[in-house]
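A short worksheet on the structure shown next.
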Amino acid sequence: MLCESGKRTSMMVALAVTGGGGRIRTANVAKRRLVIGRSQDLSAEGALRSNEYRLQWPSSGSVKSEWKINSGLLRSEMHRKVPIRDASPGDKGGMYLNAERNLLQDRGWGKYKNLDEIYWRPSGE
């Protein structure tokens with residue numbers, strides 16, 4: 001994976017995220033929250049708050065390799081045990097979004113509602 005400077009680096013160090021305003025930058029993930037959802041929802045104006053980000057990486061060319069990267073990054077985020085916001089809670093049409101939700105459920109994460117938003121969190125948290 002390439003970082004902003006164009007140098008090759010490990011995937012977790014070069015994790016590119018998009019925050020409010022659509023600007024790409026590297027993440028200070030210790031203080032930020034992951035948001036999952038359909039691309040159109042995550043790309044909408046105001047969809048991501050300043051402390052939130054979405055997973056992004058250069059296209060790998062196949063569904064299988066895309067899911068391998070996506071699921072690996074999601075599992076890394078799950079190890080942080082920080083609740084993950086679902087920006088597309090009623091949408092069941094996205095292949096990757098459904099796979100992400102299934103991975104969260106399979107690993108013991110459950111949905112909960114906070115005001116009008118849906119979050120995923122590990123059981124017992």
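Read-outs throughout are calculated quantities, based only on the coordinates presented, and are distinct from any laboratory measurement. In this text, all values refer to a predicted model and were calculated from it rather than measured experimentally. Cβ sites come from the backbone with ideal geometry, for glycine too, and all protein chains shown count toward neighbours.
Observations on the model:
- Exactly one residue among 89, 58 is in contact with a strand residue (DSSP E or B) (Cβ under 6 Å, 6 or more places away or on another chain) and in a loop (DSSP other than H, G, I, E, B), and that residue is 89.
- Among the residues making up segment 92-125, those that are acidic (Asp, Glu) and not in a strand (DSSP E or B) are 100, 106, 116, 125.
- Boolean, residue 76 is more than 17 Å from residue 120 (Cα to Cα) and of a type in the set (Gly, Ala, Ser): no
- Number of the exception - residue 80 against (1) under 21 Å from residue 32 (Cβ atoms); (2) loosely packed, with under 11 Cβ neighbours inside 10 Å: (2)
- Selection within segment 28-48: residues that are touching a Lys or Arg at 6+ places or on another chain (Cβ under 8 Å) and part of a loop (DSSP other than H, G, I, E, B). The member of this set that is farthest from residue 72 (Cα to Cα) is 48.
- Any hit, segment 61-79, residues being in a loop (DSSP other than H, G, I, E, B) and either on the phi > 0 side of the Ramachandran plot or in contact (Cβ under 8 Å) with a residue 24 or more places away in the chain (or both): yes
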